[in-house]
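This report concerns only the one structure given below.
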């Protein structure tokens, strides 16, 4: 199966978290009234209720969390998710393939997947300037040479170049590597997947949307956002929180195929947190922001999201 079924919402409203978030917004308004963070910032907060369980549950609270906001590099997580989901779907498909040559496998994937991918994101079929090459995955770029399994069928994995680009996109958050990943995956796969899994609603243009390459390599395709007008990299905080909850929970994502993907994504995200792109709340990481301490100041910066 190319697309997983729509994902369940793992977030459960947490009354105590709602009270805490309301209090934090009020305190922010008192401390930084001119910044308007307490009025303008979309926020989603999720916490694992049962951290020692193998089936984590998430308490949730949000503010303006169903609004679309331009969110910049946060949307690189959507490209990461799309890459691993494609690997998972392709792995399941070629498990019974008889021809494990690169041309045989990649042509088979193209024949089996591409029309359904385009149908899942019909907007890109008629969007000015968007060509076939920009819609669908480039399988020989994304995957390395398939391996023949002794039990029959084929095994595929990311190519070394694509894996390196995805790491460069996720850990240090470099735009050139991000662009290479998005160009390889295609707009229709990324956004068709998000729509099919319930993480984007085409009828309302709300959810997770990624239709820009961060370098201008492909024309941007935009949806309305509250903080930046028409945007090619936009999300609601609640839907991004839903995606991260699924990655943390793991078993739902992994159940789609023999190819488990959740732990690989968690590792990339952990590497990004420990050694990648520094949080804007870290002293010296962003201009005009001196970190979260007793003298915290943010004279010119305003966060568009938190998740």
If you fit an axis through the alpha-carbon atoms of helix 237-249 and take the longest principal axis of the Cα set of the chain, what angle between them do you get, 0 to 90°, nearest 10?
60 degrees
Using the Cα atoms of the range 1-54, I'd like the radius of gyration and the largest Cα-Cα distance, Dmax, both in angstrom.
16.5, 52
Using alpha-carbon coordinates, inclination of helix 160-170 to the longest axis of the chain, degrees:
10 degrees
Hey, any idea what the orientation-averaged projected area of the convex hull of the chain's Cα atoms comes to, in nm²?
16.7 nm²
FRET efficiency for residue 267 and residue 132, Cβ-Cβ distance as r, R0 = 30 Å, nearest 0.05?
0.35
When the chain is fully extended, how far beyond the present Cα-Cα distance does residue 201 get from residue 258, taking 0.36 nm per residue of separation?
17.7 nm
Kirkwood Rh over alpha-carbon pairs of the range 40-132 plugged into Stokes-Einstein at 4 °C, 1.567 mPa s gives a D in µm²/s of 74 µm²/s
Evaluate the distance, in nm, between pseudo-label points positioned 7 Å from the Cα of residue 27 and of residue 150 along their respective Cα→Cβ axes.
6.0 nm
How far is helix 187-196 tilted, in degrees, relative to the longest principal axis of the Cα atoms in the chain, given as a value from 0 to 90 rounded to the nearest 10?
70 degrees
Which distance in nm do the two modelled labels at residue 20 and residue 49 give, with both placed 7 Å along the Cα-to-Cβ direction?
1.5 nm
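No value in this document is a laboratory result; all are computed from the given coordinates. From a predicted model like this one, the values you see are computed outputs, not experimental measurements. Note: ideal-geometry Cβ built from the backbone for every residue, glycine included; neighbour counts use all protein chains shown.
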